[in-house]
Amino acid sequence: MQDNARRQLRQLLGPENFLEEREDCLTYAFDASEGACLPEAVAFPETAEAVSEILAIANTHRIPIVPRGAGSGLTGGAVPLSGGIVMTMNRMNRIISVDTGNLQAIVEPGVITARLHAAMEAKGLFYPPDPASMDICTIGGNLAENAGGMRAVKYGVTKDFVMGLEVVLANGEIIHTGSRCIKDVVGYDLTRLFVGSEGTLGVITRAVLKLLPLPEGKQTLLAAFGAMEAAAQTIADVIKSGIIPTTMEFMDKHCIRAVTQYQDTGLPVDAEAVLLIEVDGTPHAIETGIKRVQAVCTANRALSVDVARDAADQERLWRSRRAIHAALGLVWPRWEEEDIAVPIARVPEMVRRVDDIAKETGAFIVCFGHAGDGNIHVSLAPHDKNTPHEALTQARAAILKDAIALEGRIAAEHGIGLIKRNQIGWNLDAPTLSLMRQIKGLLDPNGILNPGKVFPSTLTCSAPFGH
Ligand SMILES: Cc1cc2nc3c(=O)[nH]c(=O)nc-3n(C[C@H](O)[C@H](O)[C@H](O)COP(=O)(O)OP(=O)(O)OC[C@H]3O[C@@H](n4cnc5c(N)ncnc54)[C@H](O)[C@@H]3O)c2cc1C
């Protein structure tokens, strides 16, 4: 970074909002993926105007800018591949207003997702998107990744709850997309363009979020199966039965055992697979829904179907789901994860194919995820120390190709980022990918926003650790 740019940024932000020491920068070199690269500085803007001024300086001096929420991303989106400045949004963390009459909240990007949930629930309101990382991740990161979560089966994902955005463009201009109106066809839908743009098109500084009334209640059920296919078939059959559960989570036997090893929450360790299903709504809707789900599980030869006794029991079950990533990390320190989506009715076929891939490649494969919306997380680890890494690479490619063959997507909710940038063309045809590149070129002609992400690229880290 040029000295005069540094001077301008120091003057603009002050020492508490602009860190330059190597040991400070190290903390912002990585996210929750395997990628890591050292930035030259870290900026903490507190207003959209400050974001705008930083971007104007960066654009003039061609300094890469990587927006960052909590760094919980799993695809390297917040890794500063070209050095430059990591722009951390966590000091813009106000819930600016909550409009109970219009069911809307206006928030800054640094609000932690679980904090928003709690604040809304205290007012009898509901913001459904619930990534499993909600205790740490931010609304800005959720918007930039179009994060999903467990409740997507019934309610959808982040994009379904955004009405409008304030975004700062690469040249420092501040734009406003969407509005507070449910019906709004004034111009192109730019809100949807920025949601899921992974910090490559602009920096989100404010969002108008849609809320719902808090459901009256919810009930959770745990069904255990003697065969993985029976669990997968149950998922498709529940949807066919006309019930849309709030969540329908899936864990295979390896996952059940890893979670139990990490914290014993009473999962049935002898089962081949379990489904964790939640139904919400009025007491009548819950009763009808749970009965119908129980019937479908039984028809698919469930070994047991247990309805949670009370709120504490529900929490025990959900704790096991939220512990999966930590549990897998403990049991297999070097596991890798794919995040695929297929149409819901094709989940059983996808699960069968993953099983075949494990046998063919010799990779050890664990399946879990939000299978009720067709999103399967496939975790891979070496079988033992003799398994070549090539086996995992082959298995990952085969999983993505099989998902595509089933009309699926290679990225469901974790983004493309760095990890899948060279596979994006597997899912998008050339004219579509080219149009996306043109949009990027138009909004960020100097390529300063999150370089090396989303699009196929050979760009590697400019400042790896140890250099
Ligand atoms: C244990 C665990 C469980 C997870 N479970 C889920 C899950 O269930 N569902 C799911 O969808 N994801 C999940 N994730 C992934 C991750 O938490 C989400 O992608 C989340 O949305 C990232 O938010 P963040 O604040 O950490 O963003 P970061 O990781 O900091 O950034 C993510 C991307 O957003 C960009 N960005 C951040 N803020 C802004 C902004 N204000 N403007 C523009 N761009 C911005 C960054 O440049 C980067 O490209 C999980 C991760 C972990 C570690």
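The values are calculated or read from the model by the stated rules, or taken from the named source; none is laboratory data. Every value quoted in this text rests on a predicted model; they were computed, and no experiment measured them. Don't worry about glycine lacking a Cβ; one is built from the backbone with ideal geometry, like all the others, and counts go over all protein chains shown. Keep in mind that these areas ignore ligands, DNA and RNA; they rest on the heavy atoms of the full protein, side chains included. Shrake-Rupley method; radii C 1.70, N 1.55, O 1.52, S 1.80 Å.
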Subset of region 113-143 [in contact with a helix residue (DSSP H, G or I) (Cβ under 8 Å, 6 or more places away or on another chain) and not in a loop (DSSP other than H, G, I, E, B)] = T113, L116, F126, T138, I139, N142, L143
Of the residues in region 20-54, those that are under 15 Å from V203 (Cβ atoms) and in a strand (DSSP E or B) come to V42, A43
Picking from G374, G362, G447, the residue that is at positive phi, out of contact with any helix residue (DSSP H, G or I) (no Cβ under 7 Å at 6 or more places or on another chain) and open to solvent by less than 60 Å² (accessible area, probe 1.4 Å) would be G447
Residues (of a type in the set (D, E) and in contact with an Asp or Glu (Cβ under 9 Å, 6 or more places away or on another chain)) located in region 1-24 = E20
Single residue of G110, G101 found to be more than 24 Å from P131 (Cα to Cα), assigned by TED's automatic domain parsing to the domain that holds G199 and either in a loop (DSSP other than H, G, I, E, B) or away from the ligand (no atom under 14 Å from the Cβ) (or both) = G101
Considering region 193-220 alone, what residues qualify as being closer than 14 Å to G140 by Cα and out of contact with any strand residue (DSSP E or B) (no Cβ under 6 Å at 6 or more places or on another chain)?
-> G196, S197, E198, L201
Where in region 147-249 are there helices (runs of 4 or more DSSP H), lying fully within it, with 3 or more residues that are β-branched (V, I, T)?
-> 228-240
Give me the pairs, please: first residue somewhere in region 22-46 and more than 12 Å from the ligand (Cβ to nearest atom) and open to solvent by 20 Å² or more (accessible area, probe 1.4 Å), second residue anywhere and assigned to a strand (DSSP E or B) and of a type in the set (F, W, Y), beta-carbon distance under 7 Å, and either six or more positions apart or on two chains.
-> A36/F30
Would you confirm whether any residue within region 61-71 is without any contact (Cβ under 8 Å) to a residue 60 or more places away in the chain and more than 9 Å from the ligand (Cβ to nearest atom)?
-> no
Residue list for region 276-299, restricted to those being in contact with a strand residue (DSSP E or B) (Cβ under 7 Å, 6 or more places away or on another chain) and in contact (Cβ under 8 Å) with a residue 12 or more places away in the chain = L276, I277, E278, V279, D280, P283, I286, G289, I290, V293, Q294, C297
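Let's see how each residue does on (1) β-branched (V, I, T); (2) outside any helix (DSSP H, G or I); (3) within 16 Å of the ligand (Cβ to nearest atom); (4) under 16 Å from L74 (Cβ atoms):
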| residue | (1), (2), (3), (4) |
| --- | --- |
| H325 | no, no, yes, yes |
| L330 | no, no, yes, no |
| D339 | no, yes, yes, yes |
| R346 | no, no, no, no |
| R352 | no, no, no, no |
| V366 | yes, yes, yes, yes |
